[in-house]
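Everything below concerns the one structure shown next.
Laboratory data are not the source of any read-out in this text; all were calculated from the coordinates shown. What you see is a predicted model, and the numbers here were worked out from it, not measured in a lab. Here the Cβ positions follow ideal geometry from the backbone for every residue, glycine too, while neighbour counts run over all protein chains shown.
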Amino acid sequence: MPYTSNKKYSVQTAASNSGVWGAGGTTGDDLNTGVMGLLDTQLAGVASFSVSSSNVSLSYANIQSCMFRFTGTILANIVVSPAVGDAATYFNGFYYWENLTTGNFSITVTTAFGSVVLPQSRRGVMFVDGTNGPRIVSITTSGTAYDPIPAGTVMLFYQNAAPTGWTISSSLNDYALKIVSSAGGVTSGTIAYSTVFGTTTTGSHILTIAEMPLHGHPYRESHSKDSGVNHGGLAVQTGNEVNYSAYTGTPEGTNGKYIGGTGGGGGHDHDIDLRVRTASVILATKA
């Protein structure tokens, strides 16, 4: 009797099992046991395994099931693999699984083409084929109801509006992002992001006397040649003019001297442009 290549459904040849669905036919070859029964098991059948420290050998009946359920306290890493013959040949397609075991060890499903670990306290869907072996295509927790993104989760979205099932969070607006290693969800600072990064100059500041470096200014005095003024060798006399060099001592040393000066006493700016290019995102909360 021929069979399908993936799940071993019975394929009826011309005139075979005429008038026979189940009774009187060869088990596994007739329509009831070779097709309908297999479909029912593969859509809703559960293969349960209470594991401890021994590996699991999947029988042909096991690999026809819809769900693999693992329970028990595992005392060693467990390898789950199909037995030889039909169990290995027809172990392919989609399977649900759930790992409800306890104990600090793993459960690995393996074939000649690859393997995959079934995480503890999780359930999911795996696909098995003769090229890549088994691999997980969907996974959740082992609870009776589970959303892979729990309600209350806050995420960033680079788009204009929150997606379906999410609510935009309006409490934070015009903030920058700061990456931390712990204790997230905390704000700091008082100045808006657009204010800081909209700045193009620094603030103006007028220097006080205390902030100036000690310095002197040269000055000139007018005297007649015969005035008898003693310049003490600190100046050069030219005609009726006396040129004094810049003073470099303490400010008190200039008492009684009158020199010219200039300046408006105003502050000055330093050009700076912080208008960095940005990409705006929104925060939204999962409902």
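Annotations
- Between the alpha-carbon centres of the range 71-109 and the range 33-56 there is a gap of 12 Å.
- Per-residue Cβ neighbour rank within 10 angstrom, fewest leading, Arg122, Arg275: Arg275, Arg122
- Here the extension length gained between Arg135 and Met212 equals 20.4 nm, from 0.36 nm per residue of separation less the Cα-Cα distance.
- Put in order of Cβ neighbour count within 10 Å, fewest first, the listed residues Ile107, Ile179, Ile136 become Ile179, Ile136, Ile107.
- Neighbour-count order for Ile78, Ile139, Ile206, fewest beta carbons within 10 angstrom listed first: Ile206, Ile139, Ile78
- Ala61-Ala151 FRET efficiency (beta carbon distance; Förster radius 45 Å; 0.05 resolution): 0.65
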